[in-house]
1. Find the residue count for the stretch 12-41, including only residues that are in contact (Cβ under 8 Å) with a residue 24 or more places away in the chain and charged (D, E, K, R).
2. How about the stretch 44-58: which of its residues are of a type outside the set (A, V, I, L, M) and either in contact with a helix residue (DSSP H, G or I) (Cβ under 7 Å, 6 or more places away or on another chain) or over 13 Å from D24 (Cα atoms) (or both)?
3. Considering only the stretch 30-138, give the strands (runs of 3 or more DSSP E) lying wholly within it that have at least 1 residues that are touching a Cys at 6+ places or on another chain (Cβ under 6 Å) and closer than 21 Å to D166 by Cβ.
4. With (1) more than 29 Å from L172 (Cα to Cα); (2) in contact (Cβ under 8 Å) with a residue 60 or more places away in the chain as the list, and L71 as the residue in question, which single condition is left unmet?
5. Please go through (1) of a type in the set (V, I, T); (2) crowded, with 21+ Cβ neighbours inside 10 Å; (3) under 21 Å from D209 (Cβ atoms) for V11 and return the number of the only condition it doesn't satisfy.
6. Checking G112 against (1) touching a helix residue (DSSP H, G or I) at 6+ places or on another chain (Cβ under 8 Å); (2) within 18 Å of R159 (Cβ to Cβ), which single condition isn't satisfied?
7. Provide a single number: the residues in the stretch 11-37 that are touching a strand residue (DSSP E or B) at 6+ places or on another chain (Cβ under 8 Å) and either farther than 15 Å from V58 by Cβ or of a type in the set (S, T, Y) (or both).
8. Take V196 and tell me if it is part of a helix (DSSP H, G or I), under 29 Å from C44 (Cα atoms) and among the β-branched types (V, I, T).
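None of the figures in this text is laboratory data; all of them are computed from the coordinates on show. Since the model is a prediction, treat every value here as computed from it, not as a measurement. Note that we place each Cβ from the backbone using ideal geometry, even for glycine, and neighbour counts take in every protein chain shown.
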Amino acid sequence: MTDELLRVHDVRKTYDKGRVIALDGVSLTLAAGESLAVMGPSGCGKSSLLSLIGLLDVPTSGRIEVAGQALGEVRDPYAYRARTVGFIFQDHHLIPAMTLLENVEAPMVALGLPRRVRRERALALLEDMDLLPRAHALPATVSGGERQRAAVGRALANRPRLLLADEPTGNLDSGNGQRVVELFMRHAREQGLGIVMATHNPEIARCCDRLVLMRDGRIETPP
């Protein structure tokens, strides 16, 4: 793997006029098709790092590039997220009033894809996630593992280049957690998708190609 997908260079993020330091000079790289686990105690900066890569927030200083584009130069963060990044959170964030099928279809509306294409792609993803029999069920009527697998399908719907997973198995038992990770890892390998995953779980972290440890907003081991 030689194609660099992500570069984070000397990134700092502070709050409260600099009195709270979330990230303190973080640097790392990620190749296309590579997976990186980020581990560390609560409050170490894992979620802050993912938020900056996903343009949900902006760094106080430093530079982040995705596929050669400096995120500081992105004029439409919504379009960047729709086309480039898929998110998986600990809480699935499915829309309660929409079926699993509709939830997986929803991100594709931003790309302007025809309804037929959206439906076909969503059904294929639900099949990949072993959820096709539950396609027309509402999130409240399925299990936690099924909701999280649907969230993985939704994150992959726009065929992003980069998948950001923030404690994606935190609410699942070990069996379901392993299954969820295996599913999106398989897609990453098949599609050349880069993955950055924040996790507390060493077993889940071992599924990734590389591991970095964070503490107090810094990376303790080199990427």
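1. 4
2. We begin by selecting, within the stretch 44-58, every residue of a type outside the set (A, V, I, L, M); these are 44-48, 51, 54, 57.
Within the stretch 44-58, S47, S51, G54, D57 meet the criteria.
3. Details: elements: 35-39, 61-66, 85-89.
Because the criterion is at least 1 residues that are touching a Cys at 6+ places or on another chain (Cβ under 6 Å) and closer than 21 Å to D166 by Cβ, the strands (runs of 3 or more DSSP E) in the stretch 30-138 that meet it are 35-39.
4. (2)
5. The one condition V11 does not meet is (3).
6. That leaves (1) as the condition not met.
7. Initial filter on the stretch 11-37 (touching a strand residue (DSSP E or B) at 6+ places or on another chain (Cβ under 8 Å)): 11-15, 20-37.
Cutting the leftovers down to either farther than 15 Å from V58 by Cβ or of a type in the set (S, T, Y) (or both) gives us 14-15, 20-21, 24-25, 27-37.
Residues that pass the stated criteria total 17.
8. Values: part of a helix (DSSP H, G or I): no; under 29 Å from C44 (Cα atoms): yes; among the β-branched types (V, I, T): yes.
It is false that V196 is part of a helix (DSSP H, G or I), under 29 Å from C44 (Cα atoms) and among the β-branched types (V, I, T).
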